[in-house]
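Everything below concerns the one structure shown next.
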């Protein structure tokens, strides 16, 4: 053996050891001796007894057990009914966002940390170099959308939850068909449930012009396992350079200025610039899913060109990801709020975790104002579920305002005058866990000022809900709310 050199330390021969047996040699009490203290995280939301009962009532496995029991007892009709209920509940069991614990950020929505966190957790980066415009009500956004279609040189792609027959539907069909006849590639992806009333006349116009149309997740017996997952997006993308999204579909009730019950109140946002590529990507992925065709080339994905100075983050949310980005976006934004949160949303049906999140915001001094659809509401189930949850929110200090003139349908949120989003996601489990959604987020002061001015103007047309009045609602109303709550996760 060679002698050790002067000044060196001899370690001797290397001992033979098996790492398999190394851990058991460490005394149990020493395993975490030097580890940092782990604080027990605070869970979001408390599940009350009624919530547990509701989940049990909707448990598919329980109904299957009942069906098998009735079958053994030769009660055929009962077994068939219970089996059918089990089948329905199995295919409509709602997913839930996986976030369980309270986020306690040391940053606010105006910080670089917030921007980096939002981009990292949603997987959607902030993209600079855009111009952005906001449009209120159909008399503003429909002409702008039609003008954009008429200017198309290479492609028009449209993804819609609602595309109905009528004045609006036919006018858009004609505009799309005209561009297709001029050699522009026109591709439409419409939801098989939301656009089921598209109509033969609209289809004839599109077909005559040479447009391509695909249905998103049509219903068949062999597709029932995914029938509950819909596209709720409303995207219009022109030449891969200009994109519209927001609450409005293509139907006549969005015409007008939102002044009466026949004219829905809504908002669209238009982005021009490099950020459009994200929204086009969302369309392309769902088009691939529906048709098997990959979109490629500059007609859909042109070389990015700077169009302004606004940074835009486009949130694409999908239930197939398991952690829908729309829900993550709302969770991070509300829990980062320091001064106020202003939400305008028609279908406000937060789960226990979201209610807890808003309550915690109020506890730390954040002023939370919710503007939601009131008596003019197109969905009875959503209306009853919202009314049922008013109490928990009001007790926590949340201010609730019901829009009175017509159906309020925009989906916006402003936090601390530093961050905002406009898009398609409702504040409910269907948008957060079951639907494809698109939201555009920004920090631009001018856009934030315009959006806040719109919120304050709409607030003047609202009626504030008081806790004392809510508690006086009658027995029949309470019964309706309980009945509606059985499908709370689906509306």
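No lab work stands behind these numbers, since they all come straight from the coordinates. Small disclaimer: the values here were computed from a predicted structure and weren't measured. Positions of Cβ are generated from backbone atoms using ideal geometry, with glycine treated the same way; all protein chains shown enter the neighbour counts.
Table for the structure above
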| item | result |
| --- | --- |
| Nearest 10 degrees, 0 to 90: helix 76-92 Cα axis against the chain principal axis | 80 degrees |
| Value of [θ]222 nm, deg cm²/dmol, for the chain, DSSP H segments ≥ 4, -39500 (n - 2.57) each, nearest 500 | -11000 deg cm²/dmol |
| For region 145-236, diffusion coefficient by Stokes-Einstein and Kirkwood Rh (Cα), 4 °C, 1.567 mPa s, µm²/s | 96 µm²/s |
| Rg in Å to one decimal, and Dmax rounded to a whole Å, for region 221-329 via C-alpha atoms | 16.3, 49 |
| Range of Cα positions in region 347-432 per principal axis (Å), largest first | 35, 27, 25 |
| Globularity index of the chain, i.e. its alpha-carbon radius of gyration over 2.2 N^0.38 Å | 1.15 |
| Shape parameters for region 349-491, alpha-carbon atoms, Rg then Dmax in Å | 15.3, 48 |
| Per-peptide average of other Cβ atoms within 10 Å, ordering 117-128, 351-362 highest first | 351-362, 117-128 |
| Cut-off 17 Å (backbone N to label point 7 Å along Cα→Cβ of residue 196), residues of region 219-248 | 219-232 |
| Inter-centroid distance (Cα atoms) of region 125-193 relative to region 321-383, Å | 29 Å |
| Principal axis dimensions, largest first and in whole angstrom, of region 415-481 by Cα | 47, 33, 18 |
| Binned Cα-Cα distance frequencies in region 270-402 - 10 Å width, integer % | 10, 29, 28, 22, 10, 1 |
| 12 Å cut-off, amide nitrogen to a point 7 angstrom out along residue 375 Cα→Cβ, residues in region 406-449 | 406 |
| Folded to 0 to 90 degrees: helix 167-181 orientation relative to the chain principal axis, Cα | 80 degrees |
| Fraction of alpha-carbon pairs over 18 Å apart in region 135-181 - percent | 28 percent |
| Tilt relative to the chain, helix 380-396 - C-alpha long axis, 0 to 90 degrees, to 10 | 50 degrees |
